[in-house]
Amino acid sequence: MGRAFEYRKATKMKRWGNMARVFTKLGKQITIAAKEGGPEADTNPRLRVLIQQARKENMPKENVERAIKKATSKEENDYKEMVYEGYAPNGVAIVIETATDNPTRTVANIRSYFNKHGGSLGTSGSVAFMFDHKCVFRIAPKANISLDDLELELIDYGVDELENDEDAIILYGDFANYSSIQKHLEENGFEIFSAEFEYIPNDYKQLTDEQKASVTKLIDKIEEDEDVQNVFHNME
């Protein structure tokens with residue numbers, strides 16, 4: 001235990017630091033979830049969790065409703081979820097998740113960021129094997145249930161790591177176990193703060209401060225792009 005948590009703590013929420021960007025990212029995720037599973041939260045588990053997360057982030061109700069309506073509108077372009085992989089300077093592996101209505105524009109932008117900052121955009125699968133694709137739930141602690149007892153309860157549903165984080169418990173499981181974990185949590189009255197997917201690196205690249213600075217410039221530039229949802233890397 002601990003590897004995934006350490007990574008999360010080291011990179012925690014920088015990409016969500018600006019409230020407007022939080023709402024934009026959540027809005028796209030809500031639209032995609034509603035498009036894939038239907039606009040009714042009662043019958044769409046992914047949408048249900050995202051709406052809960054939007055409330056937690058104080059996203060206005062009208063923004064949520066607009067994002068759901070966008071999924072059913074024939075006048076709106078569909079968002080496509082695209083994943084890009086590449087190398088930053090000094091051999092740091094990067095995985096980028098995007099939600100875009102224009103993949104041609106997005107890939108051109110991503111490639112230009114890599115080129116201008118000493119990196120290289122790779123092909124699908126070129127660095128993803130260096131990461132574990134995980135579902136990550138943040139839930140409210142329950143009275144009279146210890147972390148060890150909770151781990152025993154959830155292990156059969158696909159949770160393979162738990163950690164305490166301030167006022168929440170973080171659960172990690174394989175990407176494929178998302179639905180079974182969510183179903184058990186909801187059926188047993190756990191409050192879900194958020195549910196996300198993350199790429200957790202298997203190993204970390206140790207760099208000097210100067211090398212880190214050059215990698216960080218590239219990551220910051222990528223994260224500024226409106227189409228980018230998440231950026232994951234294996235820099236220590």
**Message:** If F193 satisfies all but one of (1) surrounded by fewer than 16 Cβ atoms within 10 Å (Cβ to Cβ); (2) among the hydrophobic types (A, V, I, L, M, F, W, C); (3) more than 30 Å from Y113 (Cα to Cα), what's the number of the condition it fails?
**Reply:** (1)
**Message:** Residue pairs, Cβ under 6 Å, 6 or more apart or interchain, first in the range 205-232 and of a type in the set (A, V, I, L, M) and modelled with pLDDT of 95 or more, second assigned to a helix (DSSP H, G or I) and open to solvent by 50 Å² or more (accessible area, probe 1.4 Å). List them.
**Reply:** L207/N90
**Message:** Within the range 45-160, considering only helices (runs of 4 or more DSSP H) that don't extend past its boundaries, which have at least 1 residues that are touching a strand residue (DSSP E or B) at 6+ places or on another chain (Cβ under 6 Å) and aromatic (F, W, Y)?
**Reply:** 103-116
**Prompt:** Which residues, counting only those in the range 166-190, are more than 14 Å from the chain's Cα centre (by Cα), surrounded by 13 or more Cβ atoms within 10 Å (Cβ to Cβ) and of a type outside the set (V, I, T)?
**Reply:** A168, N177, S179, S180, Q182, H184, L185, E186, F190
**Request:** Give the range 207-225 a look and list any residue that's among the hydroxyl-bearing types (S, T, Y) and outside any loop (DSSP other than H, G, I, E, B), or say none.
**Result:** S214, T216
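Residues checked against (1) more than 15 Å from Q229 (Cβ to Cβ); (2) in contact with a Gly (Cβ under 8 Å, 6 or more places away or on another chain):
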residue	(1), (2)
G37	yes, no
E57	no, no
A67	no, yes
Y79	no, no
M82	no, no
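The values are calculated or read from the model by the stated rules, or taken from the named source; none is laboratory data. From a predicted model like this one, the values you see are computed outputs, not experimental measurements. Cβ coordinates were reconstructed from backbone atoms using ideal geometry, including for glycine residues, and neighbour counts include every protein chain displayed. Calculation scope for accessible area: heavy atoms of the full protein, side chains included, ligands and nucleic acids excluded. Shrake-Rupley method; radii C 1.70, N 1.55, O 1.52, S 1.80 Å.
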